[in-house]
Amino acid sequence: MTVVLETRGLEKRFDAVVAARDINAEIFESEVLGIIGSNGAGKTTFVNMVTGYLQPSSGQILYRGRDITGMETRDITRLGICRSFQIPQLFLELTALDNVLIALSVARERRPVLFRPVVTREIVDEALELLAKFRIEHVAHQEVTALPQGVRKLIDIAMATVANPDLLFLDEPTSGVSAEEKMDMMEVLISALQSTNTAVLFIEHDMEIIERFSPRVMAFYEGTILADGPTADVLRNEKVREFVVGQEFHRNGTAATMKGTA
Amino acid sequence: MNNLDRTELGFIAALPLLIACGLLLPQWIVNYIHVSLGTGLVALGVMVQMRAGLVSFGQGLYFCIGGYAAGLAGRLWGLSDFFLLIALGIAAGLVVSFLLGFLLRRYRRIFYAMLSLAVSMILFGLLSSSEELGSTDGFNLPATSYLGWLPGQSVSGDVLYVATCIPTVICAILLHRFLRSPMGYVGEALRENEIRIEYLGMSARKAVHIIYVIAAVVSSIGGVLWAMALGHIDPEMTNWVTSAQFVFIAILSGIGNVAAPLFGTLLLEFIRVYAVEIAPDSWHIIVGSVMLLIIVFLPRGLWSLVSSNNGLKNKFTHRVKAASEPEGARS
């Protein structure tokens with residue numbers, strides 16, 4: 001399998017605080033990879049660095065062998081590394097469809113287009129198709145402010161996929177979504193994304209979702225990767241059990257249940 | 001330039017109407033319409049920026065730059081050609097805004113507003129203190145000629161009016177096009193969420209820069225047209241009072257459609273005329289009250305009374321529905 005992204009000795013400090021250190025990771029083409037870790041473990045910092053939102057203090061980020069450390073977010077996006085957000089970053093006063101239209105039109109045009117109308121039959125069809133892929137086409141004409149969090153999350157993710165990225169980071173796609181809806185939402189999401197050959201990384205706190213959807217998992221603890229490997233192995237790892245997962249995580253488990261700590 | 005939409009067709013239809021007004025209505029009204037076309041374009045410049053969430057309190061800068069570009073060309077080189085002066089105004093606005101844009105694009109909200117104001121007041125200071133340029137009195141422009149033709153005294157006013165209507169309508173149509181274009185959409189997006197814009201692969205600062213330059217150019221054209229209409233320019237064009245008036249118009253009329261600021265400018269002219277007539281010493285109270293009432297009762301401006309889809313909110317959706325309707329039943 002081809003390596004899409006590799007990080008070498010990635011580190012981020014905010015003065016005396018080390019948010020991430022010694023992160024060495026490899027991500028392969030079209031794989032699904034879960035990232036776990038308690039709050040403050042460095043998961044989002046990792047995503048922020050790889051997408052150019054934060055400059056690493058040291059270390060290297062290689063995209064298909066090319067060094068992209070220190071590049072701007074927008075240029076990294078153009079290369080094919082996209083992300084969704086823990087808190088959806090949408091244009092709230094516009095409709096779901098308009099949000100997707102903006103995303104599509106920006107992705108489509110490399111240079112600014114000033115005097116040609118955006119809205120054509122083709123692009124609207126395409127936007128509706130994309131919404132349909134995430135099964136939210138029924139809200140197309142509703143303003144985002146009026147939509148529930150779960151739907152907003154899906155719009156946010158749909159917008160991140162407009163350029164058919166090589167690599168997609170989903171920052172807690174199910175946070176803020178009720179426990180009953182989580183599984184269905186992930187089902188929709190993963191099936192929509194697997195129809196492309198995008199590699200998907202998702203940050204998740206719900207271990208059942210991790211077990212079900214990601215064959216491989218990376219566990220973060222105190223800014224670094226504690227374990228990385230097949231999900232079953234990582235979840236059995238003693239350190240991971242002690243620092244990240246807790247004793248029993250299944251919903252119908254007997255001992256201390258960890259119900260989707262968000 | 002295919003698929004004209006309703007607004008664009010409206011403008012094309014309005015052009016002969018506007019010209020007819022100029023020839024049929026009483027002269028004093030025509031004079032107000034004529035100067036409103038120039039200032040209306042500056043208000044349009046303010047509106048384009050407002051659509052992107054940027055409020056310029058110094059749009060008078062480009063109004064003045066346009067006016068002085070035309071005036072100085074007359075004063076220094078004896079130029080009076082309508083088309084040449086407009087071209088000079090565009091060039092001056094373009095160069096200055098392109099350079100200043102590198103500074104302005106780094107700021108938002110009140111900082112953008114204050115910085116644009118500061119720059120405009122610097123020009124005001126420079127012009128007011130420069131003896132060669134007539135100081136605070138300004139100076140006169142020669143009568144406008146058209147590709148070598150200088151119309152006689154009796155018709156020159158009418159000719160200039162007609163000549164002014166055409167570029168105004170063209171600017172309005174082009175700006176409307178711009179607001180419908182991918183960059184126009186990015187403007188809307190800019191108002192709402194810059195992080196997302198960056199993550200879509202577009203530089204938010206570059207987008208601000210482009211919008212700033214477009215607003216500047218259209219304002220400069222307005223300045224040239226206004227200067228030719230009045231035949232006189234002075235530093236008041238870039239005073240903050242003038243700039244504030246353009247913001248006033250954009251709020252009064254709303255930013256839902258490019259036609260709004262053009263009507264709004266004319267409306268403000270008339271409100272002021274009658275306010276002065278009713279209360280010569282305290283007309284500001286009337287104008288201020290109008291503003292107050294608009295903000296309280298019509299936060300989206302007067303245009304929200306006209307528009308069927310109530311302002312900005314459903315603007316795209318409305319158009320999108322229209323675009324996808326003919327295909328009929330899509331779930």
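The values are calculated or read from the model by the stated rules, or taken from the named source; none is laboratory data. Here the structure is a predicted model, which is why all the values come from computation and not from measurement. Neighbour counts run over all protein chains shown; Cβ positions are idealised from the backbone, glycine included. Note: areas computed on protein heavy atoms with side chains; ligands, DNA, RNA excluded. Shrake-Rupley method; radii C 1.70, N 1.55, O 1.52, S 1.80 Å.
So which residues in region A:108-143 are touching a residue at least 24 places away in the same chain (Cβ under 8 Å) and closer than 23 Å to residue B:213 by Cα? Matches in region A:108-143: A:110 only.
On the stretch given as region B:195-209, residues that are in a helix (DSSP H, G or I) and without any contact (Cβ under 8 Å) to a residue 60 or more places away in the chain total 6. Out of B:175, B:190, one residue alone is over 25 Å from residue B:39 (Cα atoms), buried (at least 19 other Cβ atoms within 10 Å of the Cβ) and under 26 Å from the mean Cα position of the chain (by Cα). It is B:190. Sub-7 Å Cβ pairs linking a first residue in region B:223-237 that is open to solvent by 10 Å² or more (accessible area, probe 1.4 Å) to a second residue that is charged (D, E, K, R), at least 6 apart or interchain, are B:234/B:137, ordered by first then second residue. Can you confirm whether region B:165-187 contains a residue that is under 17 Å from residue B:206 (Cβ atoms) and more than 7 Å from every other protein chain (Cβ to nearest Cβ)? Yes, region B:165-187 contains at least one residue that is under 17 Å from residue B:206 (Cβ atoms) and more than 7 Å from every other protein chain (Cβ to nearest Cβ). Given the residues B:269, B:192, which is the only one that is within 14 Å of another protein chain (Cβ to nearest Cβ) and charged (D, E, K, R)? That would be B:192, the only listed residue that is within 14 Å of another protein chain (Cβ to nearest Cβ) and charged (D, E, K, R).
The helices (runs of 4 or more DSSP H) found entirely in region A:144-221 that carry 1 or more residues being free of Cβ contacts under 8 Å to residues at least 24 places away in the same chain and either within 14 Å of chain B (Cβ to nearest Cβ) or surrounded by fewer than 23 Cβ atoms within 10 Å (Cβ to Cβ) (or both) are A:179-194. Which residues, taken from region A:65-81, are more than 7 Å from every other protein chain (Cβ to nearest Cβ) and not in a loop (DSSP other than H, G, I, E, B)? Across region A:65-81, the qualifying residues are A:66, A:67, A:75, A:76, A:79, A:81. The residues of region B:202-222 that are facing chain A (nearest Cβ under 9 Å) and open to solvent by less than 10 Å² (accessible area, probe 1.4 Å), listed by number, are B:204, B:207. For region A:60-76, a residue qualifies if it is open to solvent by less than 50 Å² (accessible area, probe 1.4 Å) and closer than 16 Å to residue A:165 by Cβ, and the qualifying residues are A:61, A:63, A:68, A:71, A:73, A:76.
For beta carbons closer than 6 Å, sequence separation of 6+ or different chains, a first residue in region A:53-70 that is farther than 24 Å from residue B:197 by Cα and a second that is part of a loop (DSSP other than H, G, I, E, B), the qualifying pairs are A:60/A:69. I'd like to know if region A:44-59 contains one or more residues that are assigned to a strand (DSSP E or B), surrounded by 15 or more Cβ atoms within 10 Å (Cβ to Cβ) and β-branched (Val, Ile, Thr). No, region A:44-59 contains no residue that is assigned to a strand (DSSP E or B), surrounded by 15 or more Cβ atoms within 10 Å (Cβ to Cβ) and β-branched (Val, Ile, Thr). Residues in region A:19-33 that are in a strand (DSSP E or B), open to solvent by less than 60 Å² (accessible area, probe 1.4 Å) and closer than 21 Å to residue A:80 by Cβ: A:23, A:25, A:27, A:28, A:32, A:33. The listed residues are B:126, B:94, and the only one of them that is in contact with a helix residue (DSSP H, G or I) (Cβ under 7 Å, 6 or more places away or on another chain) and modelled with pLDDT of 85 or more turns out to be B:94. Would you confirm whether or not region A:120-130 contains a residue that is among the aliphatic types (A, V, I, L, M) and under 23 Å from residue A:45 (Cα atoms)? Within region A:120-130 (the criterion being among the aliphatic types (A, V, I, L, M) and under 23 Å from residue A:45 (Cα atoms)), the answer is no, since none of the residues qualifies. Just one of the listed residues (B:87, B:91, B:113) is open to solvent by less than 30 Å² (accessible area, probe 1.4 Å) and free of Cβ contacts under 8 Å to residues at least 60 places away in the same chain, and it is B:113.
Among the residues making up region A:34-43, a single one is farther than 19 Å from residue A:8 by Cα, buried (at least 22 other Cβ atoms within 10 Å of the Cβ) and over 14 Å from the mean Cα position of the chain (by Cα): A:37.
For every residue, the table says whether it meets (1) touching a Cys at 6+ places or on another chain (Cβ under 8 Å); (2) more than 22 Å from residue B:294 (Cα to Cα).
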| position | (1), (2) |
| --- | --- |
| B:227 | no, yes |
| B:230 | no, yes |
| B:237 | yes, yes |
| B:243 | no, no |
| B:259 | no, no |
| B:262 | no, no |
| B:266 | no, no |
| B:276 | no, no |
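If you take the residues of region A:83-135 that are more than 7 Å from chain B (Cβ to nearest Cβ) and touching a Pro at 6+ places or on another chain (Cβ under 8 Å), which of them is surrounded by the most Cβ atoms within 10 Å (Cβ to Cβ)? It comes out as A:84. All told, residue B:169 meets the bar of being open to solvent by less than 30 Å² (accessible area, probe 1.4 Å) and either in contact (Cβ under 8 Å) with a residue 24 or more places away in the chain or in contact with a Phe, Trp or Tyr (Cβ under 6 Å, 6 or more places away or on another chain) (or both).
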